[in-house]
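Undergrad: Starting off with a structure, shown below.
The values are calculated or read from the model by the stated rules, or taken from the named source; none is laboratory data. Since this is a predicted model, take the numbers as computed values, not measurements. Don't worry about glycine lacking a Cβ; one is built from the backbone with ideal geometry, like all the others, and counts go over all protein chains shown.
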Amino acid sequence: MWKTWRLLSLLLLVTLTLSGCGEPFVSTLRPAGEVAEDQFYLMVLSTFIMVVVVIVVMAIFTYVLVKFRRKKSGDEALPKQVEGNKKLEILWTVIPIILLLILGVPTVTHVFGQADTKVMDKEKRNPEDALVVNVRANLYWWEFEYPDYGIVTSQELIVPTDEKVYFQLKASDVKHSFWIPSAGGKMDTNTENENRFFLMFDSKKSAEAGEYFYGKCAELCGPSHALMDFKVKPMPKKEFQDWVKSMENYEQSTASATAGQGKELFKEKNCLSCHAVTPKDERPEQARTGPNLATFGERSKIAGVKDFNDENLHAWIKDPESIKPGNKMTGSYGELKDDEIQALAEYLKGLKTE
Ligand code: HEC
Ligand SMILES: [Cu+2]
């Protein structure tokens, strides 16, 4: 008895804890776009059918259990045998077939509909009609390239609302998985082939969800897998186009003197060998070994996980290992003095599109 209670209370605790996890910016149960809505609808449909089947079966089971119990009908009594009853046989063949059809037709339709990425193959694709984003997953950061505009960003994905956004996915080291819970998915990023799918971001729901959606790596990839987050910022088409323009005409400013000093240090300390600081990164992919920092000053988070403030930025530059174990920046430069960290941070905060 005690054991059962212990288990029950544990179950209750877990249920209560998990019920707190439904934030609109990271929940599959609060779809924020057509793709996610369709997937949610399929989940509800199949759960509904399963629940109905379980209820009916349990009801018949309980009825039979009570009606034919030995205590009532005696030790030797045998209920009427119905083996080979045609009506019953037909009934329990036809009902499952109908249920499977109700479940199967919408599922297959949606699965094929959501896999339709033919526009990506078009030779003369108009980026105004179908936006393509090349996603490259790395231990433990994300790169987003807009091939039609020749610009690259990292850690933060900017997308227009209310239209299909097509993704071409790959990984540069090990297998990861690209997942934006509120928008649908997920899909693996592989090293040996490229996967494709599309997502949609509803303008109203995006606004309700707040500043951004969470993106996640959904494939265990190493010690900092759980910290491999990115942010998704959907915006109306017009704003998106303005953003693209500002990226295309990106100009670097070095405001303060400390920032100027930081810029020099960024070269001296080898940071530039991994990090580009303009959205047009001409290097081949294999050479892009760190996130593009052109818009670093506009990030919501540092390294995808830490709140954007001076303290966290200094801590990251000083010792990235203490924040993301096993990351690929650790140990790539010598120890930095406090004023050097300060100058680098000043410089990085000034990297913006405006
Ligand atoms: C060997 C390549 C390499 C070198 C050299 C390097 N970094 Fe990094 N850097 C990375 C990688 C990889 C990440 C992503 C880490 C992660 O999130 O797992 C990163 C992340 C960052 C971030 C966070 C980026 C973001 O989008 O939030 C900052 C800031 C940064 N590096 C600054 C520096 C500075 C300053 C230097 C020079 C002192 C430097 N890096 C040198 C590879 C490098
Ligand atoms: Cu990963």
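Undergrad: Considering only helices (runs of 4 or more DSSP H) fully contained in region 1-107, which possess at least 2 residues that are surrounded by 10 or more Cβ atoms within 10 Å (Cβ to Cβ) and at pLDDT 90 or above?
TA: Because the criterion is at least 2 residues that are surrounded by 10 or more Cβ atoms within 10 Å (Cβ to Cβ) and at pLDDT 90 or above, the helices (runs of 4 or more DSSP H) in region 1-107 that meet it are 2-19, 34-67.
Undergrad: Would you point out the residue of region 194-205, among those that are more than 16 Å from ligand 2 (Cβ to nearest atom) and part of a strand (DSSP E or B), that is surrounded by the most Cβ atoms within 10 Å (Cβ to Cβ)?
TA: Step one: list which residues in region 194-205 are more than 16 Å from ligand 2 (Cβ to nearest atom), which gives 194, 196-205.
So of that shortlist, the ones also part of a strand (DSSP E or B) come out as 196-200.
Details: Arg196: 16, Phe197: 20, Phe198: 22, Leu199: 25, Met200: 22.
Within region 194-205, the match that is surrounded by the most Cβ atoms within 10 Å (Cβ to Cβ) is Leu199.
Undergrad: State yes or no: is Ala59 within 30 Å of Val165 (Cβ to Cβ) and among the aliphatic types (A, V, I, L, M)? If you could, list the steps in order and put the result at the bottom.
TA: Working: within 30 Å of Val165 (Cβ to Cβ): no; among the aliphatic types (A, V, I, L, M): yes.
It is false that Ala59 is within 30 Å of Val165 (Cβ to Cβ) and among the aliphatic types (A, V, I, L, M).
Undergrad: Being surrounded by 14 or more Cβ atoms within 10 Å (Cβ to Cβ), out of contact with any Ser or Thr (no Cβ under 9 Å at 6 or more places or on another chain) and among the basic types (Lys, Arg) is the filter here; which residues of region 213-260 pass it?
TA: none
Undergrad: Within region 323-354, how many residues are touching a helix residue (DSSP H, G or I) at 6+ places or on another chain (Cβ under 9 Å), away from ligand 2 (no atom under 16 Å from the Cβ) and not aliphatic (A, V, I, L, M)?
TA: Selection size over region 323-354: 16.
Undergrad: May I ask you to list the residues in region 281-303 that are free of Cβ contacts under 8 Å to residues at least 12 places away in the same chain and either assigned to a loop (DSSP other than H, G, I, E, B) or assigned by TED's automatic domain parsing to the domain that holds Gly150 (or both)?
TA: Glu282, Arg283, Pro284
Undergrad: Filter region 127-153 down to the residues that are more than 15 Å from ligand 1 (Cβ to nearest atom), assigned to a loop (DSSP other than H, G, I, E, B) and touching a residue at least 12 places away in the same chain (Cβ under 8 Å) and list them by number.
TA: Pro127, Ala130, Pro147, Asp148, Tyr149, Gly150
Undergrad: Is it the case, given these coordinates, that Ala315 is more than 16 Å from ligand 2 (Cβ to nearest atom), among the hydrophobic types (A, V, I, L, M, F, W, C) and free of Cβ contacts under 8 Å to residues at least 24 places away in the same chain?
TA: Details: more than 16 Å from ligand 2 (Cβ to nearest atom): yes; among the hydrophobic types (A, V, I, L, M, F, W, C): yes; free of Cβ contacts under 8 Å to residues at least 24 places away in the same chain: yes.
When the stated conditions are applied, Ala315 passes them.
Undergrad: Counting only residues that are surrounded by fewer than 18 Cβ atoms within 10 Å (Cβ to Cβ) and among the polar types (S, T, N, Q), which one in region 121-173 is nearest to Phe197 (Cα to Cα)?
TA: Among them, the one singled out is Asn134.
Undergrad: While we're here: Would you check which residues across region 223-237 are outside any loop (DSSP other than H, G, I, E, B), within 16 Å of ligand 2 (Cβ to nearest atom) and in contact (Cβ under 8 Å) with a residue 12 or more places away in the chain and list them?
TA: Within region 223-237, the first condition is being outside any loop (DSSP other than H, G, I, E, B), and the residues that meet it are 225-227, 230-235, 237.
From what is left, the residues that are within 16 Å of ligand 2 (Cβ to nearest atom) are 225-227, 230-231.
Result: His225, Leu227, Phe230, Lys231.
Undergrad: Same structure, new question: Using beta carbons and a limit of 9 Å, which pairs, at least six apart or on different chains, have the first residue in region 206-222 and more than 16 Å from ligand 2 (Cβ to nearest atom) and the second one in a strand (DSSP E or B) and aromatic (Phe, Trp, Tyr)?
TA: Between residues of region 206-222 that are more than 16 Å from ligand 2 (Cβ to nearest atom) and residues that are in a strand (DSSP E or B) and aromatic (Phe, Trp, Tyr), the close pairs are Ser206/Phe213.
Undergrad: Checking Thr191 against (1) surrounded by fewer than 23 Cβ atoms within 10 Å (Cβ to Cβ); (2) within 16 Å of ligand 2 (Cβ to nearest atom); (3) in contact (Cβ under 8 Å) with a residue 24 or more places away in the chain; (4) within 17 Å of Pro284 (Cα to Cα): exactly one of these is not met. Which one?
TA: (3)
Undergrad: Now for a separate question. Under the condition of being part of a loop (DSSP other than H, G, I, E, B) and of a type in the set (Lys, Arg), which residue from region 304-342 is farthest from Trp142 (Cα to Cα)?
TA: Step by step, filter region 304-342, then rank; the result is Lys337.
Undergrad: Scan region 255-280 for residues that are farther than 28 Å from Pro147 by Cα and in a loop (DSSP other than H, G, I, E, B) and report the count.
TA: Final tally of qualifying residues: 3.
Undergrad: Please determine, by comparing only the residues of region 159-175 that are more than 13 Å from the chain's Cα centre (by Cα) and within 16 Å of ligand 2 (Cβ to nearest atom), which one is nearest to Glu219 (Cα to Cα).
TA: Lys175
Undergrad: Those residues that are more than 10 Å from ligand 1 (Cβ to nearest atom) and of a type in the set (S, T, N, Q), I need them from region 313-327; list them, please.
TA: Ser322
Undergrad: When region 328-353 is examined, which residues are found to be under 16 Å from Lys301 (Cα atoms) and near ligand 1 (Cβ under 10 Å from one of its atoms)?
TA: Matches in region 328-353: Ala345, Leu348, Lys349, Leu351.
Undergrad: Sticking with this structure for a sec: Residue check: is Phe178 outside any loop (DSSP other than H, G, I, E, B), under 16 Å from the mean Cα position of the chain (by Cα) and modelled with pLDDT under 95?
TA: Criteria not met by Phe178.
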